[in-house]
Each structure stands twice: as structure tokens, then as C-alpha cells.
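Peer 1: A single structure is presented below for examination.
The values are calculated or read from the model by the stated rules, or taken from the named source; none is laboratory data. The structure presented is a predicted model; accordingly, all values stated were derived computationally and were not measured. Quick reminder, even Gly has a Cβ in these numbers, built from the backbone with ideal geometry, and neighbours come from all protein chains shown. Calculation scope for accessible area: heavy atoms of the full protein, side chains included, ligands and nucleic acids excluded. Shrake-Rupley method; radii C 1.70, N 1.55, O 1.52, S 1.80 Å.
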Amino acid sequence: MNYRELWNDDNTQIRERYDLAMERIAQIPSEERIAEPFREYFVQMAQFAGQIEELARLQLREELESYSLEELGKLNHALYADILPEHYGESYANPAYAVEKLGEELGAILSAFYAQFREAIVFAYECRLTDITILSETLIEIYNLFEEKVPQEKAVRDVLYWFFSDYTDVTLTYRIREQLDPSLSFARDIIMESDLSDLRYLYRFGEYISDAELQIAGFLNTLPEETIEKMASTYTEGYRKGFEVMGRDLSRKKTVAIRYELGFERMIRAAIRQFSEMGLETILYRSASWSVTKNPNRKIGYHATPANRQYDYDHRYDSALYYDKAFKERKLAVLRTAYETYRKEAASFAGPAVVETFGEDGFCPVNCPQAYKLSEKQEELTIAYANESMQVLNEYIPGDETSFTIIAFPVPAIGADFEEIFAETIRINTLDYEVYKGIQQHIIEVLDQAEQVHVTGRNGNETDIRVSLHPLSDPSKQTNFENCVADVNIPLGEVFTSPILAKTTGLLHVSQVYLGDIQFKNLRIRFEDGMVAEYSCDNFEDPEEGRQLIRQQILKNHDTLPMGEFAIGTNTTAYAMAQKFGIVEKLPILIAEKMGPHFAVGDTCYSWSEDSPMYNPDGREVIARDNEISLLRKEDVSKAYFGCHLDITIPYSELGDITAVCADRRELPVIREGRFVIAGTEELNRALDEQ
């Protein structure tokens, strides 16, 4: 169902309400019923609603098709202008400005609603009439509260509470549908039907289009078709191999969800065709638009470069406006109903295939005191919802029946060496599977003799941590470490395990690391019996602000998390490339985790599929699929999972030693002063020595 069909479907249900709402809002700028400072706010909201109505009309009538690239750029800029960094200081989307202009009680609420209303841009491009209508009707309802006198904060909050609660069955249900139903083909139609050499197509998505998207799309248009096919096949073949390695039947599945960043459409078009040859129809859905369905820490779905990352950061917890126990229970009930409605589609879903990018400057957020934050109770409720929703998801899309793949490419913002770095990234993504499989097996053979692994830092890195390993009852048939080559995580290059938590103790320290968009400085995490006990960073003058950033971005608002994974990255070729071009700090976790030992906080790599046997290429079973926390699923599944997993890597330049410590106290060196010392791993040092 394309967007015009969706619009026509809505016509019979909501068109009259839409027309009435738009007619009423159009009258607001000429009215004098509300005094300043609130009148200006509502006038701006009404004018923006008028832009949305005009945009939807242009889209429906296909009039945007005749716009030039310059005209589309001007329209796009006009739609997003007020949240761009140069204008954000005087935008009602900025909670600080809204509070300054509208007062402490009402400013934050109205700013949060302003931010939600701005999502009508993408609703207009997709012609989602229902979404525009319910936002517009709510604007009118809030406006009416101000007609007689300035209302109490509670009155406005109540309107928004019931708005988000009542319409959860609309917003959340559609979100589940667009993640599972390939008939919603808005983005796929753009990719498959557009002339991708004409960059006007980028503006059809409705996202903010910056130079980044134009540059990467233009660059991909210069590449020969065989290069595009190679990029896509590495990605799609990795997906297929993931099912093969995990012993899962891909033939039973019918759909795959592609998540990517705009600009890579030429590669995505090739991937869609290749997936089709595997018997998989492609789903492409946008990153979430409603605060009810957003993830506060990352965008899930296709998206473009944010118009303003500080804006996104300021509004990441706007759900605090309405999140309480009743809302959490309603949302959970709607989620289950939605999955039941799309039960057939859920059963056919194979999992996501993700394309990430890297090279943008890191984001150092500024904490806005006026922005919404979750209370301690709300944090507990969101954590409980995450846990319970995962149980619902696993019921309809069992984790042991799906797989995924992730690959990453640089963007021009990485610097003058972009084209050379891009070519090197393609090379790294296609390193020899068989060579690394053999090298990594040598490492596993040493590690499997140990009961602990001792990791230390150097060159100012204070890491000193001991990781406990599972006992092997039959080493000829069992192993602790998975031999991970190029399938679900591209590029290849790591061996990993799920540690025993007891006696996994010590300090993890990294001088500088990017986790998502945020750069952490002097990140320190201390583990006691496998659980995060203390943490700090130097991002802010006030240490407590640094702790809060870690709690939100790394611990995902949990009081503590277990060490879900310990791994040794072996992709020294990637590290040498990063050192050569001076881009170590710009690499995504996906590549960075292959460039040294890494430790993940959160669930294990086998969460929700621990009972499915996993075997290495040599035939031995990877028995380290559980830890003391995940085993709690056998008693109370609500205590077994956290719904998060974040890798933190120590680069080779900061790495001292990695030593396998046996039960009889023998110490078997794996790495000494950042160099591999096991026989058969010499090839890994060659790339390091050539820096």
C-alpha cells in the first residue's frame, strides 16, 4: 500500500475531521483571544500546521515531482529551519527558550508538544492523514484552554496525557505494522522506482537532507556497478550466512527489514534485489516519529543526518510528560494486541539487516535543565516495560528463529581521505573468511585451557580486570569462545564468550571512546562479580553529570548491568587503517569492537536463544551461552534480561597484556604489550607493525 492508497483509505474515516481541524487552525493567527507570550506560540504552531497542509496537498497531487533540486532544498530547509543549530536558541522546540518565554510551568510542556507536532512533516510526505489530524485536534484543544485565561499546568498536562494514552492504539499499532508489513512500500518505492542519478529523489523521503546525504549519494553514483554489487552482496550474504551458522531455516521466512541511513540508496536497491533472489521481500520503515515509540538512545529504521543532535538529545525523554504505571500497562496491552493482529507477518519475519555509517564529528551533549527527564519511578516503569515487551516480542518473533547482519561505511564528513577510506572499508569488509577462521581457532585453543582471562592496559590505560570462564566438561566437544567471522557482524575478526559473573572483577578504562553519537572521555567502569559497581567519565566538570550520562547512555537507566560479553578482536587490518588515516575515534562500535578486546554491558550475545545449540566451524559446541543472570529465565524471565548490549573496546595502542590463567595457575600469554604471541597468529601483527 503506497502513500496515496493510504491517504485514500484514510479519506473515508477521517477526512472530515482533518478538514475541520485545518480550517479552525487557520483562523488562529487572526484571532486576539490569547494574550502574549502565549499568542506567539500558538500563531507559530498554526503557521506550521498550514505548511503541513500545503505540503500534504503538494505531495498528494505529485506537484513536488516538478520541483528543481534547488526548490526542493529550499522547501526542506524551510520545514526544518527552526530546529537547525543557528536558529535553535530562539525556537519553542528548545525547552530552555520555551521556559524563558512561556514560564517554568508551561514552557516545558508546550515545547514537548511543539517537538511532537513537528513530526507532522514526515506524516505529510507519507500522507498519513490520521496522524496529522489527531495532532491538529490536540493543538485546538490546548488552544481552547488558553482562551479564557492561562490554564494551570495540570490542565495542559492532562490533555496531553490522555492524547498520548488514548491514541496509543493508533501510534503503536501502526509502528508494529510498518515493521512487519511489506505492503507499506513508501520508502521501497522511492528506492526502486526513482532515477537515483537525479538527487531530487532524496527529498521525497521527507527527512532533513543535509550535504552529507547529497554527497554520499553523489559519490555512490560514481562507483562502477560491480562495486555496488560487491558492497550489497557482502551485506546480504552475511545475512544468509548468519542463518546457516546458527542452524536456522531461512526458507521458512518471507521478509527482511533493511535499516540504513539516507544516501546509500544505490547499494540498498542492489540489496533489495539480492534479498528477493533469496526469497525475501524487503521492509523499509522510518525511525520512530511518535515519542510513544521512540528509543531515547538511538534511531531504529531509515533516517538521515539529524537536523540538530542537541534537539534530539533535549527531547529524548519527553515521554516523562505522560509515563506512569497506567500508561505502561496500556502500552503493553496495545503491543500484544498489535502483534496478535499481525501474527502472520511476525511469523514470516527473518530479522533486520542494518547499514551503519561513520565519520561524523562526535556529539558532546549539553544538559538542558529545562528538558524533561525521567523520574526514578518512571525509569523503573520503562525498564519493566522493556523487559515485558521483549517477552511479547519473543512470543511472536522467537529469537531462536531469526538472525541479523550489520555492516558500516564511511561518509564524506570523515575528511579529505574519504574515497580512500571508503575503498579500504570495502576491503576490510571482505577479508578472507578462511584465513581468520584458522587464526582465531589458535586463540580459542589457548583460551579454552583457562578458568580466567586477565586483561591489563598500558600507555596510561588503567584497565586491570579478570574475566571468569565456564568450565568445560569435555574440551574435545566443547568450547567457551565463538569463532566469529563474517556473517552477522561485518567485518570479521573476533572470538567472544559469555563470562561467568562470579569473580569477574576489576576496572575497565578507556581514555576516549565513541558509543553511538557520544564521545566518552576517560570512561571508567568497575565490575564486581560481573556486575557494574562504579562508573565515571570526564565529560563534564561535575562528576555527577558524567555519571548520569553513563547511566542513561550505557546502563540504559538500570542501576547496574552484568558483563554480557568478553571478546578479543583480531582485525588488526582495520586498526592499521584507522591509525593510518587518524580515524580511530570515528569508527563505529561495529568495527571498533574488532580492534582490541571488548567488554559488553547488558545481555549476552545469545539472549532469548540460549537453549539453541551453537557450534564453531570445528564442530565443537559453544557452551558459554548463559550467565547467572540469564539463567534466571528458568525461574522468572522478568529477571533474566535487560534489553540492551553495548560493547566497549580497548584499542591495541592502550592494551597491555591478555593472559589466559589456568586452574593450576599456569599463565598462557595471548597478547603482550598489544601484540599477539600465540603460534599461528603472527599474521595479525603484520598489519600492526606496518603502521
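Peer 1: When the range 256-274 is examined, which residues are found to be open to solvent by less than 10 Å² (accessible area, probe 1.4 Å) and within 22 Å of the chain's Cα centre (by Cα)?
Peer 2: V256, A257, I258, Y260, L262, G263, F264, E265, M267, I268, A271
Peer 1: Out of curiosity, is D559 farther than 29 Å from D474 by Cα and free of Cβ contacts under 8 Å to residues at least 60 places away in the same chain?
Peer 2: Yes.
Peer 1: Please enumerate the residues belonging to the range 297-341 that are farther than 18 Å from F117 by Cβ, among the charged types (D, E, K, R) and assigned to a loop (DSSP other than H, G, I, E, B).
Peer 2: Those that are farther than 18 Å from F117 by Cβ, among the charged types (D, E, K, R) and assigned to a loop (DSSP other than H, G, I, E, B): R298, K299, D324.
Peer 1: Of all residues in the range 282-333 being touching a residue at least 60 places away in the same chain (Cβ under 8 Å) and of a type in the set (K, R), which is surrounded by the fewest Cβ atoms within 10 Å (Cβ to Cβ)?
Peer 2: Of everything passing the filter in the range 282-333, R298 is surrounded by the fewest Cβ atoms within 10 Å (Cβ to Cβ).
Peer 1: How about the range 179-255: which helices (runs of 4 or more DSSP H) wholly inside it have at least 2 residues that are under 27 Å from L335 (Cβ atoms), hydrophobic (A, V, I, L, M, F, W, C) and under 22 Å from the mean Cα position of the chain (by Cα)?
Peer 2: Qualifying helices (runs of 4 or more DSSP H): 186-193.
Peer 1: Cβ-Cβ below 8 Å, separation at least six or inter-chain, first residue in the range 674-688 and on the phi < 0 side of the Ramachandran plot, second part of a loop (DSSP other than H, G, I, E, B): which pairs?
Peer 2: So the pair list comes out as F676/T570; T681/T570; L684/T570; L688/G674.
Peer 1: Within the range 413-438, track down each residue that is open to solvent by 30 Å² or more (accessible area, probe 1.4 Å) and not small (G, A, S).
Peer 2: D417, E419, E420, E424, R427, T430, L431, D432, Y433, E434, V435, K437
Peer 1: Quick one: count up the residues across the range 56-102 that are touching a residue at least 40 places away in the same chain (Cβ under 8 Å) and either open to solvent by less than 20 Å² (accessible area, probe 1.4 Å) or not charged (D, E, K, R) (or both).
Peer 2: 25
Peer 1: Related question: With the range 367-477 as the region, which helices (runs of 4 or more DSSP H) entirely inside it contain at least 2 residues that are in contact with a helix residue (DSSP H, G or I) (Cβ under 7 Å, 6 or more places away or on another chain), under 30 Å from K253 (Cα atoms) and not basic (K, R)?
Peer 2: Passing ranges, in order: 376-396, 418-429.
Peer 1: Something else: Among (1) in contact with a helix residue (DSSP H, G or I) (Cβ under 7 Å, 6 or more places away or on another chain); (2) within 30 Å of I583 (Cβ to Cβ); (3) of a type outside the set (D, E); (4) open to solvent by 20 Å² or more (accessible area, probe 1.4 Å), where does H645 come up short?
Peer 2: (1)
Peer 1: If I go through the range 117-149 residue by residue, how many of them are closer than 21 Å to Q27 by Cβ and either open to solvent by less than 30 Å² (accessible area, probe 1.4 Å) or at pLDDT 95 or above (or both)?
Peer 2: Of the residues in that region, 19 qualify.
Peer 1: In the range 536-584, which residues are basic (K, R) and over 25 Å from A502 (Cβ atoms)?
Peer 2: Those that are basic (K, R) and over 25 Å from A502 (Cβ atoms): R547, K580.
Peer 1: Of all residues being among the polar types (S, T, N, Q) and over 30 Å from Y433 (Cβ atoms) in the range 481-536, which is surrounded by the most Cβ atoms within 10 Å (Cβ to Cβ)? Just the residue, please.
Peer 2: T504
Peer 1: Select, from I134, I121, I140, the only residue that is closer than 25 Å to A78 by Cβ, part of a helix (DSSP H, G or I), without any contact (Cβ under 8 Å) to a residue 40 or more places away in the chain and of a type in the set (A, V, I, L, M).
Peer 2: Testing whether each residue is closer than 25 Å to A78 by Cβ, part of a helix (DSSP H, G or I), without any contact (Cβ under 8 Å) to a residue 40 or more places away in the chain and of a type in the set (A, V, I, L, M) leaves just I134.
Peer 1: Checking V355 against (1) assigned to a strand (DSSP E or B); (2) free of Cβ contacts under 8 Å to residues at least 24 places away in the same chain, only one condition comes out false. Which one?
Peer 2: (2) is the only condition that V355 fails.
Peer 1: Restricted to the range 577-607, and to residues that are at pLDDT 90 or above, open to solvent by less than 10 Å² (accessible area, probe 1.4 Å) and in a helix (DSSP H, G or I), which residue is nearest to I554 (Cα to Cα)?
Peer 2: Residue satisfying both the conditions and the ranking: A578.
Peer 1: Continuing with this model, one more query. Conditions first: (1) touching a Pro at 6+ places or on another chain (Cβ under 7 Å); (2) modelled with pLDDT under 90; (3) among the hydroxyl-bearing types (S, T, Y). S468 passes all but one, so which condition is the exception?
Peer 2: Evaluating S468 over (1) touching a Pro at 6+ places or on another chain (Cβ under 7 Å); (2) modelled with pLDDT under 90; (3) among the hydroxyl-bearing types (S, T, Y) leaves (2) as the failure.
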